Amino acid sequence: MKRFWIALLLLGAIFTGTLFHIRSLHGFTDTLAGLLEQADELAAAEQWEQARTLTDQAKDTWADRDVYLHVLLRHADTDSIYAGFRETLALLDSREYGEYAAANARLITQIQLLYEAEQLTLKNLL
Amino acid sequence: MVIAFLRTIILYAFIIIGIRLMGKRQVGELEPSELVLALLIADLAAVPMQDFGIPLLTGLIPILTLLCLTMALSVLTMKSVRFRAVLCGRPSVIVENGKLRQSEMRKNRFTLDELMEELRMKGITDLSAVKYAILETNGQISVLLYAAQQPVTARQMGLTPQEPGLPMVIINDGRVITRTLHSRGLSEQWLKNQLRQHNVQRTEDVFLLTVDEQNTVYLAKKEADK
């Protein structure tokens, strides 16, 4: 019976770990999306330097958890978001609001999709 | 990750139910839960092994989940007879007193050809000699012949043959297995004497030497290289 309880304990630990991962990812993606949305508002008001600072901050926040994200998420998704940051920063430097806004919106969507794909919903389960 | 975890549990349960519905013949020598584990685990390991774009954890979490589920199920099947019957099924009597139980055969989707093949493999050609043929939960057939059809045993003949016990390998392809030699209470000197008696000079010249519990020695010399 000891083995049975060990097995159940491990299953419980995996389940709790995965739920913790979802919660952590939710907070993380919300923070990034918030920073990028603020950057967009600043860029719309032609405050390019502040917009760049916020986008840089979001990119650094992303880079700080690079290993964690690489271990838990599909590498194609993480690579595509990293490329999205580079593109958005380049467009910020060129100060082309239209193209920047489109790239930034795409980046925000990609980041939010990371959480949505991991979210515990019937849609995802099926 | 939680989706992978829950999907693993759902798919595992569905495949076990599927295997159970397929009948005992599909199971082979494994329990349904073990068979499903064997079917799934290799594929789960292969995906992150080949695709570097997928994190290793994507394979490890479902594998660990499956191992835990199999462990839990195997403990439950040991502890509960009822659970074991649900998971593994019950043995089915296919032949009783020499008569085919056709309803049981239909229930297990077991054909006459398969039954006759299994009986022939056990050296039985006459169905009327079979007292019971039982389709076990692992898909194998157990056959019990009528008493009159069974071979005579030494006991029935009033004989008391010596029990040779399990022969143990002492020399394997020229190598002396000292642990086995000592566990039988034999010494290197005894081994030397045995080699001398069989006209062998060195242990390297022996292909196989076994000793049973009566200290009866079987020795096969190495053939010369051609």
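Take the range B:56-68 and flag every residue that is in contact with a Pro (Cβ under 7 Å, 6 or more places away or on another chain) and surrounded by 17 or more Cβ atoms within 10 Å (Cβ to Cβ).
The answer is B:T58, B:G59.
Pick from A:L91, A:L69: which is part of a helix (DSSP H, G or I) and away from chain B (no Cβ under 14 Å)?
A:L91
Determine, yes or no, whether B:E136 is over 17 Å from B:R101 (Cβ atoms) and acidic (D, E).
The answer is no for B:E136.
Being assigned to a strand (DSSP E or B) and in contact (Cβ under 8 Å) with a residue 12 or more places away in the chain is the filter here, so list the residues in the range B:61-101 that pass it.
The answer is B:S92, B:V93, B:I94, B:V95, B:E96, B:L100.
Any idea which of (1) of a type outside the set (V, I, T); (2) on the phi < 0 side of the Ramachandran plot; (3) at pLDDT 90 or above is the one B:N97 doesn't satisfy?
Answer for B:N97: the failing condition is (2).
From A:L19, A:L36, A:L25, A:L54, which residue is over 16 Å from A:I111 (Cβ atoms) and either at pLDDT 90 or above or in a helix (DSSP H, G or I) (or both)?
Only one candidate passes the filter, namely A:L19.
Considering only the range B:165-180, how many residues are within 28 Å of the chain's Cα centre (by Cα) and free of Cβ contacts under 8 Å to residues at least 24 places away in the same chain?
3
Applying the selection to the range B:41-60, what residues are of a type in the set (S, T, N, Q) and either outside any helix (DSSP H, G or I) or within 12 Å of chain A (Cβ to nearest Cβ) (or both)?
Of everything in the range B:41-60, just one residue is of a type in the set (S, T, N, Q) and either outside any helix (DSSP H, G or I) or within 12 Å of chain A (Cβ to nearest Cβ) (or both), namely B:T58.
Quick one: count up the residues across the range B:135-159 that are in contact (Cβ under 8 Å) with a residue 60 or more places away in the chain and either basic (K, R) or assigned to a strand (DSSP E or B) (or both).
1
For the range B:26-55, name all the residues that are charged (D, E, K, R), modelled with pLDDT under 75 and surrounded by fewer than 16 Cβ atoms within 10 Å (Cβ to Cβ).
B:E29
Checking the conditions here, which among B:S74, B:S92 is within 14 Å of chain A (Cβ to nearest Cβ), surrounded by 11 or more Cβ atoms within 10 Å (Cβ to Cβ) and touching a helix residue (DSSP H, G or I) at 6+ places or on another chain (Cβ under 8 Å)?
Only one candidate passes the filter, namely B:S74.
The values are calculated or read from the model by the stated rules, or taken from the named source; none is laboratory data. Keep in mind the model is a prediction, meaning the values are calculated, not measured. Heads up, the Cβs are rebuilt from the backbone with ideal geometry, glycines too, and the neighbour counts pull from every protein chain shown.
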